[in-house]
Structures are given as structure tokens and as C-alpha cells.
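Asker: Let me begin by handing over the structure; questions about it come next.
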Amino acid sequence: VKGCMRKNWSLLFERLDTDRSGRLDYEEYKTALTDVLEIPIRSKDSKIPRKDGEIKQEELEGLWAYVDHDKSGEVTIEEFQHACYLLILDDWPVLQKATLQRICQQLNDACVHEYSKEGSGVSEGNWFK
């Protein structure tokens, strides 16, 4: 799975890297959002009501600052992948300890059940050994 995700991010990065430099600059990033993803960008001084899906210029710049972690003005594939991964993680729910323990117990029980079918002799405990 990890290799597949890395390949997908790499393919997207190559598509966005229009000058084939191996790095994205701010203009390539902005073009990717407006042309490829078709996200409308609202100018800082706009007086008209905000449209659905429209992002503010400040939000665009803020996301760029997040992605350009080393503040070099260019983003490498590594920075791009790392930022996308962190943005995905930010969307994950925060679970209480009791919920995590219940989920881990369910996973463990399922694995013990599955591996005990295979004749492994596992009936409880550390099935992954």
C-alpha cells in the first residue's frame, strides 16, 4: 500500500511539475489548484460574496507555506508527499483510549481467529510472532 500511494503522489507531482525541474514552484502550485483541480481563488480585495468551493488568496498562500516546509520557494517530491500525508492524517478522527483499546482487541481477536484456521496453533496472545 505504501509503495502504491507513493507512486500515485509521484504521478501527480510529475503532472504538476510543468517545467520538469523535479520541483514545484509557487506558480506551478497555483496553476495546479486553479487549472487542474479547478478551484477558484478569491482575490484579497474582492468585495463580491464568496462562491462555493472558492478559496481565499491567503488560504492558498498558507497551504503553500505548509507544503514548502523548508521555505526554499520550491517543493520537492519528498516535501509534497510528506505534506499530503500529513493533511490526510489531519482528517483522521481523534479516538478515546477506550475506543482504541476496543478496536485493537477486535483486530487481535480477528487475527487469532484467522490464524487458528491455518493450523498455526495460535489460540490467543501474540499471533504475529
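The values are calculated or read from the model by the stated rules, or taken from the named source; none is laboratory data. Values in this document were obtained by computation on a predicted structure and should not be read as measured data. Virtual Cβ from ideal backbone geometry, glycine too; neighbours counted across all protein chains shown. Remember, those area values only see protein heavy atoms, side chains included, never the ligands or the DNA or RNA. Shrake-Rupley method; radii C 1.70, N 1.55, O 1.52, S 1.80 Å.
Asker: Given the convex hull over the Cα atoms of region 31-72, what projected area results after averaging over all orientations, in nm²?
Answerer: 3.4 nm²
Asker: Give the calculated FRET efficiency between ASN108 and GLU14 to the nearest 0.05, with a Förster radius of 25 Å applied to their Cβ-Cβ distance.
Answerer: 0.05
Asker: In region 1-91, which trypsin sites (Lys or Arg not before Pro) fall in coil by DSSP and have 14 or fewer other Cβ atoms within 10 Å?
Answerer: ARG20, LYS44, LYS47, ARG50, LYS51, LYS71
Asker: Roughly speaking, to the nearest percent, how much of region 1-117's 1.4 Å accessible area is carbon and sulfur?
Answerer: Its accessible area is 57 percent carbon and sulfur atoms.
Asker: Based solely on C-alpha atoms, express the radius of gyration and the Dmax of region 1-80 in angstrom.
Answerer: Every Cα atom of region 1-80 included, Rg and Dmax give 14.0, 46 Å.
Asker: Can you give me the solvent accessible area of TRP64 with a 1.4 Å probe, rounded to the nearest 10 Å²?
Answerer: 30 Å²
Asker: Find out how many positive minus negative residues lie around ILE41, taking Lys and Arg as positive, Asp and Glu as negative, among other residues whose Cβ is under 15 Å from that of ILE41.
Answerer: Working: positive: LYS30, ARG42, LYS44, ARG50, LYS51, LYS56; negative: GLU27, GLU28, ASP35, GLU38, ASP45, ASP52, GLU54, GLU58, GLU59, GLU61.
Local net charge: -4.
Asker: With a 1.4 Å probe and all protein chains left in place, how much accessible area per residue does region 1-110 have, in Å²?
Answerer: For region 1-110, the solvent-accessible area averages 75 Å² per residue.
Asker: Test of understanding: what is the full-extension gain from LEU100 to HIS82, defined as 0.36 nm times their sequence separation minus their Cα-Cα distance?
Answerer: Numbers: separation 18, 0.36 × 18 = 6.48 nm, distance 2.51 nm.
Answer, rounded to one decimal: 4.0 nm.
Asker: Provide, for region 1-86, the number of lysine pairs with alpha carbons under 23 Å apart, each pair being eight or more places apart or on different chains.
Answerer: Close lysine pairs found across region 1-86: 10.
Asker: Also, quick follow-up: Let me have the relative contact order for region 1-96, percent, based on Cα pairs under 8 Å that are six or more residues apart.
Answerer: Details: 70 pairs, mean separation 25.5, N = 96.
Across region 1-96, relative contact order equals 27 percent.
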